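Worksheet: one structure, shown below.
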Amino acid sequence: MILAGDIGGTNARIALFEVEKRRLKCIYEHVYPTHEHPNLESAVATFIGEYRVKPEAACFGIAGPVSGGRRAQMPNLRWVVEADNLEREIGIESVTLVNDLEANAYGVSALEASDFSSLNEGRADASGNQGVIAAGTGLGEAGLYWDGKTHRPFACEGGHVDFGPGDELQTELLVYLRHEFGHVSWERVIAGPGLFNVYRFLRDTHRGEEPAWLKEELAHDDPSVHIARLGLENKSELCVRALDVFVSMYGAEAGNLALKLMATGGIFIGGGIAPKILRKLQGGAFIAAFVRKGRSEHLLRQIPVRVILNDKSALLGAARAAAMRASLL
């Protein structure tokens, strides 16, 4: 039995898997809102107590940098995750921590063809390194190095590098956000809060009107959710424009990742936002920004780009990583 978790800034998804004929089978799964627990040990203890399970190995994908597979500080949540503490809580000796995007990268190999939607077909015989970029509560990135036989996932913190504007409007956005944050990373513009940052910039620089009904709607819950929905439904010109800018920047950074990794084997778009705005991603602006790299445009047009539709890819990846470390796969 394998205990696996996908631990984000909003939710901790925990599941128990078993390996059957070298394939992972989910037995139990539960989602715990992170605000209901002081730490991951609490959520894990609740899961184990509820389902009365005794796993042999465990791996958790953590939304934040992981040190030596043993400790993680989550930038979008006040949790410090320690493998030692989890081992005592679970009662086993083999708990591994990986970055959540590294878990996503492990999960890519466990998905079916129906779990993807293609944005760019690329070369039919595409091979080589791959990359994963995922916007959600934050912006995560990871790579998969091709060793000639298999893909080997590795983590990075590319979402926190300097935001590079692609046009005059985005340059003004950079200046606007710099006054508020000082350092402006890609995560400040490509993530759930990033969409709201783009919206605020357009509103405050008088590039669209915010009527009273819209202001009232954004005052409740997560404003980015409403902005995305209203933009997709064409109910607010300001929301439409914010979503357009967001999608263009998302495509640009995905192209940056492809070049940095020389990801000729493909780029995968993960995270919770992409499936929700899939129609907008398919509209052409994403791929136009993805390939707009001057002399490297021809190379980027050959790279397959796919959206991951299965929201359990990171969870599957964490389970796969644990199973591989335990020699069960």
Full-stretch length increase - E172, A45 - with 0.36 nm per residue and alpha-carbon distance subtracted: 41.0 nm
Full-extension gain in nm, E18 to M1, via 0.36 nm per residue minus C-alpha separation: 5.6 nm
Mean Cβ-within-10 Å packing, highest first, puts peptides 120-127, 28-35 in the order 28-35, 120-127
Give the Rg/Rh ratio for the chain, taking Rg as the radius of gyration of the Cα atoms and Rh as the Kirkwood radius, to two decimals. 0.98
Coordinate range along principal axes, alpha carbons of the stretch 1-97, Å, largest first: 38, 27, 23
Divide the volume of the convex hull of the Cα atoms of the stretch 78-174 by its number of residues and quote the answer in cubic angstrom per residue. 186
Could you tell me the extents of the stretch 44-121's C-alpha atoms along the three principal axes, largest first, rounded to whole Å? 47, 29, 20
Rounded, prolate or oblate: which fits the stretch 245-319 when a ≥ b ≥ c are the square roots of the eigenvalues of the alpha-carbon gyration tensor, with rounded for a/c under 1.5 and prolate only if a/b beats b/c? oblate
Ignoring any ligand, DNA or RNA, what whole percent of the accessible area of the chain comes from carbon and sulfur when the probe is 1.4 angstrom? 48
Filter K25/K276; K25/K280; K215/K260; K235/K260 down to the pairs with a C-alpha to C-alpha distance above 28 Å, please. K25/K280; K215/K260; K235/K260
Under a straight-distance cross-link criterion of Cα-Cα below 13 Å, which aspartates and glutamates are reachable from K312, leaving out those fewer than 8 residues away in the same chain? D6, E29, D100, E112, D115
Report, to one decimal in Å, the Kirkwood hydrodynamic radius for the stretch 169-248 based on all distinct Cα pairs. 12.5
In whole percents, the bins of 10 Å from zero upward hold the Cα-Cα pairs of the stretch 193-329 as 11, 33, 29, 19, 6, 1
Give me the net charge of G122's neighbourhood, meaning all other residues with Cβ under 11 Å from the Cβ of G122; Lys, Arg count +1, Asp, Glu -1. +1
Taking the DSSP beta bridges in the chain as the whole, what percent of them are antiparallel, to the nearest 5? 65
Per residue, what accessible area does the stretch 30-120 have, given a 1.4 Å probe and all protein chains present, in Å²? 45
By per-residue mean of other Cβ atoms within 10 Å, what is the highest-first order of 304-314, 149-159? 304-314, 149-159
Which peptide among 97-104, 108-115 comes first, and what is the full order, when sorted by highest mean count of other Cβ atoms within 10 Å? 97-104, 108-115
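The values are calculated or read from the model by the stated rules, or taken from the named source; none is laboratory data. These numbers were taken from a predicted model, which means no experiment stands behind them. Counting neighbours? That spans all protein chains shown, and the Cβs are built from the backbone with ideal geometry, glycine included. Surface areas here come from the heavy atoms of the whole protein model, side chains and all, with no ligands, DNA or RNA. Shrake-Rupley method; radii C 1.70, N 1.55, O 1.52, S 1.80 Å.
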